[in-house]
1. Among the residues of segment 550-580, which ones are charged (D, E, K, R) and touching a helix residue (DSSP H, G or I) at 6+ places or on another chain (Cβ under 9 Å)?
2. Counting only residues that are touching a residue at least 24 places away in the same chain (Cβ under 8 Å) and in contact with a Phe, Trp or Tyr (Cβ under 6 Å, 6 or more places away or on another chain), how many does segment 441-456 have?
3. So which of 566, 603, 570 is of a type in the set (Ser, Thr, Tyr) and closer than 19 Å to residue 176 by Cα?
4. For residue 272, indicate whether it is at pLDDT 75 or above and not in a helix (DSSP H, G or I).
5. Yes or no: segment 504-521 includes at least one residue that is closer than 30 Å to residue 168 by Cβ and either in contact with a strand residue (DSSP E or B) (Cβ under 7 Å, 6 or more places away or on another chain) or surrounded by 15 or more Cβ atoms within 10 Å (Cβ to Cβ) (or both).
6. Of 536, 493, which residue is touching a Pro at 6+ places or on another chain (Cβ under 7 Å), under 26 Å from residue 590 (Cβ atoms) and either among the polar types (S, T, N, Q) or not in a strand (DSSP E or B) (or both)?
7. Is it the case, given these coordinates, that residue 59 is within 25 Å of the chain's Cα centre (by Cα) and at pLDDT below 80?
8. Going by the structure shown, is residue 161 under 20 Å from residue 140 (Cα atoms), modelled with pLDDT under 80 and not in a loop (DSSP other than H, G, I, E, B)?
Amino acid sequence: MNPGAFPFFRLLLPLGLGIGLGLSYPDMGLLTPLLILLLSLAVAAAFLLIIKQQTRLQHLRLPLLLMLNLLFGYLITLSRTHSFMKQNIGNAKNTSTRYLHVRIAEPLQQRATSQRAMAEVLQVTDSAGETRSAGGRVMLYWPRASYPSGATLHYGDVILIPNLLTPIPDEIFPEAFSFRKVLRPQQVAFQAYLTQGSYQKVDASPHFLINASHAGVTAINRILQQQFTPDKAALMSSLLLGYKADITEEDLKAFSITGTIHVLAVSGMHVGLIYMALLFLFTGSLRPGRLKLWQGASILLFLWAYAVLTGLSASVVRATLMFSIMEAGRTFLDARGNTYNSLFAAAYIQLLISPHDLLDVGFQLSYLAVLGILFFYPLLSAKYEPQNRLMRGVWQLALVSISATLGTLPVTLFVFKSFPLLFIPANILIVPLSTVVIFMGIGVVMFSWVPYLGTLFAWLTSMALDVLMVPTRFMAKIPGASYTGFGFDSWDMALVFVVVMVLGYALYMGFTARNALWLAMALCAYFGKRTMVWAMERNNGELIVFENRGLMAAVLRTGQRLDVLSPPISVGRADTLRQAMRNYENAHGIHHLHWHFFVPGDSVVLPGGRIWRHALGSSCLYDRQEIRVNLLWLPDTATLIKGQNISRQSYLRYFEGKNVILLKNNFIRPELDAGL
């Protein structure tokens, strides 16, 4: 496999590097000089491309092109970063702002008791009634069925909301889930919780596609509710539209444990199924050669129509764009043998449109899964292929699942800190069954208006849905179906990437003694790092203090023991805090946890001769009669320096010695943050 055969691969690497540099080291002061350099290089590259005669400078074409892409990636990242814009809500937000005009920028996400949607800020109005332009994005929440005056909200609507913006909270404990990090690719830094009657619909969506999308989703949901029981209608709505709010918690957990949660999210798999169905419908084959112009255009038209009908979610648009570019390359350019290049072209175009997608987990998993299937599937299938037709189909499904898992394994382990051990048998059974249910569900929607035929389709689909849920629920109840008891950091992810790449190289070139040695060395590097960290964790310890919703607590780790010190709290609140500490426990191999409740005046004896003494407003940790750290419980920033917004680092500089301030809804590692 020659990377030079994929020109977009050469362009994608420097573009991604430039975007990464722009995200990691943004500096608006470099904008003008880099823009001048970019234009100069563009002129030089254009000159080298148009000259006919051979010169010594011809070999500079490729380096110039790569440098252009790197600079372009950095510049477009700066230009699309909202925090650098003067009118961004993060820069324009002040106490005089009373109202904000925002446009709902995505389909509403239904939750158990509330709805959520990202919105773009258009204008702000101050206390004097003056309105000025603004920008940026915010996350809005409001209770379900709480629309004022019957004003139903949809994607694209403009609403007037009060200035109730608060920063999106970060992780409350080391290695806990951080919603702020999840929203970073979308550049959302603020959120607002709206109550009934606190907002007003100003304008409806003017976009035809958005209105058509909402009408399609509403019509499909209405048909499903008419044809199925509530539980089955919820499952069908998730399979067809990705709408998971009404699914029972038991069923949702079953799909998650078995590693098949992707069938409930309308994404690349669903778009791929529709694409294959369209191929067969228009060509009579799943592997046609070059398509006629009308066939390719029809497939693209119906593919985007499906994206519109399912709500134009980010994952569907991404997958549709990818398949559209691949099909356009085959139809119009006869690029049927260059699927890799089409995949890289799709990623390249998407990053040009939205460079911050480089950090989006959905973007990463989508392209890594397809890349894994394209690379590993033919190599694995060439090793063995059953003669029996039924067994061959099962074997191919298993290989597709294994290939996609190998491609996404490093990112999956890093992001979710879990691994479904039954993903191979689960995908072999559940994915084909869900495919049948999806196509039958489409039949229900298409023929619901036909007497008897619509009822027959609905009955058959209901039976198929029952068959689908039997293996799903059974495998989810098997002990050890999902492994979650481990930590996984960025170094682990890099080492697993190396292992996967070496494995791919060995499969492609053959398992020679040399390649087997390289694979063994990569595995030894990963497991050696894990063993070294485990050995160090057994002898190390640290103190962590945190505040969450008015509760201030401290956690002392000694080897593989964790001591939690807090005021008396309810069992439910303790479970919530324990859930926040779960990833930390797994990462550090905690085997023993002890919870100590204290009130002012209490002293708690801890391992290693340490003593915890708590007074009203402060706590001290003594190590053999010496004060290790003095914690000042001042969660309200206004009580310290009124009217100033001071960062955590500023507080640490403000207090001298071993005094540490604890901020609201935050955590501190005193020995690391304060240099104690």
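1. Within segment 550-580, the subset charged (D, E, K, R) is 557, 561, 563, 573, 575, 578.
Hits for segment 550-580 are 557, 561, 563, 578.
2. Number satisfying all stated conditions: 2.
3. Numbers: 603 fails: closer than 19 Å to residue 176 by Cα; 570 fails: closer than 19 Å to residue 176 by Cα.
One residue alone meets the criteria, 566.
4. Working: at pLDDT 75 or above: yes; not in a helix (DSSP H, G or I): no.
No: the conditions fail for residue 272.
5. If we filter segment 504-521 for residues that are closer than 30 Å to residue 168 by Cβ, which is where we start, we get none.
No - not one qualifying residue is present in segment 504-521.
6. Working: 536 fails: touching a Pro at 6+ places or on another chain (Cβ under 7 Å).
Residue meeting the stated conditions: 493.
7. On the way: within 25 Å of the chain's Cα centre (by Cα): no; at pLDDT below 80: yes.
Criteria not met by residue 59.
8. Numbers: under 20 Å from residue 140 (Cα atoms): yes; modelled with pLDDT under 80: no; not in a loop (DSSP other than H, G, I, E, B): yes.
When the stated conditions are applied, residue 161 does not pass them.
The values are calculated or read from the model by the stated rules, or taken from the named source; none is laboratory data. Keep in mind that what you see is a predicted model, and the values were worked out from it rather than measured. Positions of Cβ are generated from backbone atoms using ideal geometry, with glycine treated the same way; all protein chains shown enter the neighbour counts.
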